[in-house]
1. Within the stretch C:170-193, track down each residue that is under 16 Å from C:Q99 (Cβ atoms) and surrounded by fewer than 24 Cβ atoms within 10 Å (Cβ to Cβ).
2. So if I check each of B:I29, B:I7, B:I34, B:I39, which one is without any contact (Cβ under 8 Å) to a residue 24 or more places away in the chain and β-branched (V, I, T)?
3. Looking at the stretch C:228-236, is at least one residue in a strand (DSSP E or B), modelled with pLDDT of 95 or more and either surrounded by fewer than 20 Cβ atoms within 10 Å (Cβ to Cβ) or not basic (K, R) (or both)?
4. Tell me which residues, restricted to the stretch C:3-36, are more than 7 Å from chain B (Cβ to nearest Cβ), closer than 19 Å to C:I217 by Cβ and surrounded by fewer than 22 Cβ atoms within 10 Å (Cβ to Cβ).
5. Please find, within the stretch C:83-137, the residue that is surrounded by the fewest Cβ atoms within 10 Å (Cβ to Cβ) out of those that are among the β-branched types (V, I, T) and more than 13 Å from chain A (Cβ to nearest Cβ).
6. How many of the residues in the stretch A:298-313 are part of a loop (DSSP other than H, G, I, E, B) and either under 16 Å from A:L356 (Cα atoms) or β-branched (V, I, T) (or both)?
7. Considering only residues of the stretch A:33-59 that are within 8 Å of another protein chain (Cβ to nearest Cβ) and part of a helix (DSSP H, G or I), which is surrounded by the fewest Cβ atoms within 10 Å (Cβ to Cβ)?
8. With the condition being out of contact with any Ser or Thr (no Cβ under 8 Å at 6 or more places or on another chain) and away from every other protein chain (no Cβ under 14 Å), I'd like the helices (runs of 4 or more DSSP H) fully within the stretch A:119-225 carrying at least 3 qualifying residues.
Amino acid sequence: MTERILHTGNDTVARAAISAGCKYYFAYPITPQSEIAHYMARELPKIGGCFLQSEGEYAAAYMLLGAALSGERVMTSTSSPGLALMQEPLSMMVTAEIPAVVVETQRLGPGTGTGGQQGQTDYRFVTRGVYGGLHYPVLAPYSVSEIFEFVQLAFHIADKYRILTMVLTDFVLGRMTEYLELKTFDFGPLPEKDWALKGKAHKGGRSNFLFTVTGMMLDITGFFQGQQEKSKRIIDSETRWETYKTEDADLLIVSYGYSARMSKGAVNTARAQGIKAGLFRPITLWPFPREALQQEALKAGKVLVVEDSPGELVEDVELAVQGRVPVHFLGIQARHIARAEGLILPERILQEVRELL
Amino acid sequence: MPKKGEIIIDERLCKGCALCVMFCSKKCISMGKIGPGGIPIAHFSDPEACTGCGVCGWMCPDMAIEVYEYVARRPL
Amino acid sequence: MIEETAITKNLVCKTPAFRLLPLGFCAGCHYGIIFRLIDEVLEEMELKGITVCIGGGGCSAMGAMAMDVDAFGGPHGPGTAIASALKRVCPDNFIFAIQGDGEQGAIGLGSFVAAAVRGENITIITMNNACYGMTGGQLAPTTPLGMVTPTTPEGRDQEMAGFPFHGPELVAPLRGVAYAARGTVHTPANRQRSKKMVKTAFQKQLQRLGFAVVEFICACPTNWRLSPVDCARYIEEKMIPEFPLGEFKNVEKNEG
């Protein structure tokens, strides 16, 4: 009988990391996710780990890089403005294939002072990868249980493919409290980290060099070839999504994160009223489940994208659907009030569903 | 007079910076020989004067110089 | 009886086993002298098996690439942040970072000072050639007044760019700093003195006394537009008066 506790999303991020064997965490305070740092500051010393508060997000991500050179599991977390600052170090990690986990608790952006505001306005920012044309996997949980699983899965994916992996939560997910079953996960075998820098005595006197210059300037085409093959392996094996009541749906709602929770509520109410709505929830935002979405969309014949944004997920949905079915959009204008506490509520989604069917 | 020192300059590594010429207190090295890269490189022009002190070797930015000393030992 | 004199030929100085030779630096650049010196200290202190070297973003990355130790290079500026974290994760490894004066004094200044504030047990080697070498010799925090660079075509002017930056002196007063010094390699005597500074700095890490930084004034013939021989004179006449040599702080034991 696994233990069941009441936990917030942010605390769950930290707890999951520790469960995955991560003992090193570097971060800078930023709302709405500083609680992750608070948890790590309390718990890591107890297990001989280290939490280092950095001098800024740019430094936090470079500390992440430095710590990751050792081959240990390491993590940082931030919110939208901080992620903008982290772009250079994260890109270095992607190009030099140094694995780590970054958790982004997105908030309404851009700007300062939006820490207390929900939003899903980083979708495009995180799914297009780093500058320089390279992607990194992005997992989007929608519950505390999924946060617990996906943070651990992120470490596994990072180590399996030697790639930076992101878990995308948000203000609502970070602060909400749900029951969490403390399950253990076994995601499978992992390769040896023979690239890690631990001193050449560790490798029988053979020194190693990791360089952040794309393709070492010697074999650029070969480097990108390798990266594309890696992307393909990740796309083939790690693309994840969930379908809910889509078998006979006349309308397919596409949504992720907290909007998907709201949409699920709307689907349940709709079904109770005899309306055949269904939900398609991408779990990996990159790789985006294009083929699966297209199949479901063709089956339903009509798509409604729900996201708390001026229009980002909807672009990927339109790409996936290739114009073969109409794609409707319910975005940030659908919030129930214009002030900071505004959210897209199930009632509003249901209203839209009714109007479309 | 017996030899006291000897240097070997690696022509593939020498970039012709002439710092060894400046540092050598005995003036055994000079520039003037054209190296494999087509530029003037260092040349062990006065072997008789070399004492094998090693300064040229330690100061060469390209580590192109090997230095030897000859030590005379009288058996007991 | 004829006394025979046996003559033995001893190797005094040989090319070290670097990973990459020839080095990629310009002719007469002092980086080669300095990296060789560092390599000697690592050998003498038997640290190479546990060393990880963090190269910077610029000419300093090439040194990290060349030495036969585990190494990483090189983003521009955050070397102290990277080294700090790696040392926290692997406290029994020997971690040192090489930074240019430009990246340390400008974009990386926050990390440089923060690591000194935290008293990180790392060693920083600063390569001060008074400009951004790799990118063409632009104004750097350390550029002396009056020096002509592509971004100060009339010479560095204090109105626009203030006065030269002194890294070791800036952090020396901080309690977390155990050692701060500056040396050169433009003469054999200075090379020997600087080698001792590097050794002392490395010892501070082994003794866990705190942050250590050694700055080298380096000739940059390409961007100073001087021959390597004239660079030595420039260091003597222009650089050393602005950037005094010596130790600014040397802590023998832990401050309470």
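The values are calculated or read from the model by the stated rules, or taken from the named source; none is laboratory data. Because the structure is a prediction, the values reported are computed rather than measured. Cβ placement follows ideal geometry from the backbone for every residue including glycine, while neighbour counts extend to all protein chains displayed.
1. C:L170, C:V171, C:G183
2. It is B:I34.
3. Checked against the condition, which is being in a strand (DSSP E or B), modelled with pLDDT of 95 or more and either surrounded by fewer than 20 Cβ atoms within 10 Å (Cβ to Cβ) or not basic (K, R) (or both), the stretch C:228-236 yields no hits at all.
4. C:C26
5. C:T135
6. Adding up the residues that qualify gives 2.
7. Per the criteria, the residue is A:Y58.
8. Result: A:123-127, A:144-161.
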